[in-house]
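Following: one structure in structure tokens, then a few remarks.
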Amino acid sequence: MFVRCRGTSYQVIETYRDGGKVKQRVIANLGECATVAEAKAVWPRYISRLAADLASWECCLREGLEREAKCPGCRYRMPLGYWRQDGKRIIEREIARCRRRLANEETNLRRIMEIGEADVCTSSPERSSLRA
């Protein structure tokens, strides 16, 4: 396994053979973290933020229909006029998006936590083969 950089995003890549051909697959996305150790420290906080966003949107949906004021624990302000238009449908769509993203990121964090530091090379095979 090795860490590959794509722009500002890093991925843990595994190389394997399939029918005599060499192929690669993404094991985990590290985001902007350049190392697995850094990702293990940063990703739990990132997931906590996503969970807080989801809770805020759910609070808006629950409390937004009754009052215009900001509900406790909610980071978003939804005016009553907004609810008379398409607000409820938009908030429900945002909640569904947050739930999907949170599930995907929790799966990615589990993959990151399963990766051992000794399993990951510091340079990619492509770069080392270019040097030879």
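Annotations
- The condition (being farther than 30 Å from Tyr16 by Cα and at pLDDT below 60) is satisfied by just one residue among Arg97, Arg67: Arg67.
- Among (1) over 30 Å from Thr15 (Cα atoms); (2) modelled with pLDDT of 75 or more - the single one Ala28 does not satisfy: (1)
- Going through (1) closer than 21 Å to Met113 by Cα; (2) modelled with pLDDT under 80 one by one, Arg45 falls short only on (2).
- In region 10-31, the residues that are free of Cβ contacts under 8 Å to residues at least 40 places away in the same chain and among the small types (Gly, Ala, Ser) reach residues that are in a strand (DSSP E or B) and loosely packed, with under 15 Cβ neighbours inside 10 Å with C-beta atoms within less than 9 angstrom, at least six apart or across chains, in these pairs: Gly31/Ser9.
- Residue count for region 32-50, restricted to those that are assigned to a helix (DSSP H, G or I), surrounded by 13 or more Cβ atoms within 10 Å (Cβ to Cβ) and free of Cβ contacts under 8 Å to residues at least 60 places away in the same chain: 4
- Condition broken by Asp53, with the remaining ones in (1) more than 16 Å from Arg97 (Cβ to Cβ); (2) crowded, with 16+ Cβ neighbours inside 10 Å; (3) modelled with pLDDT under 85 satisfied: (1)
- Checking Cys121 against (1) at pLDDT 75 or above; (2) in contact with a Ser or Thr (Cβ under 9 Å, 6 or more places away or on another chain), the condition it does not meet: (1)
The values are calculated or read from the model by the stated rules, or taken from the named source; none is laboratory data. Note that this is a predicted model, so its numbers are computed, not measured. Neighbour counts are summed over all protein chains in view; Cβ atoms, including those assigned to glycine, are modelled from backbone coordinates with ideal geometry.
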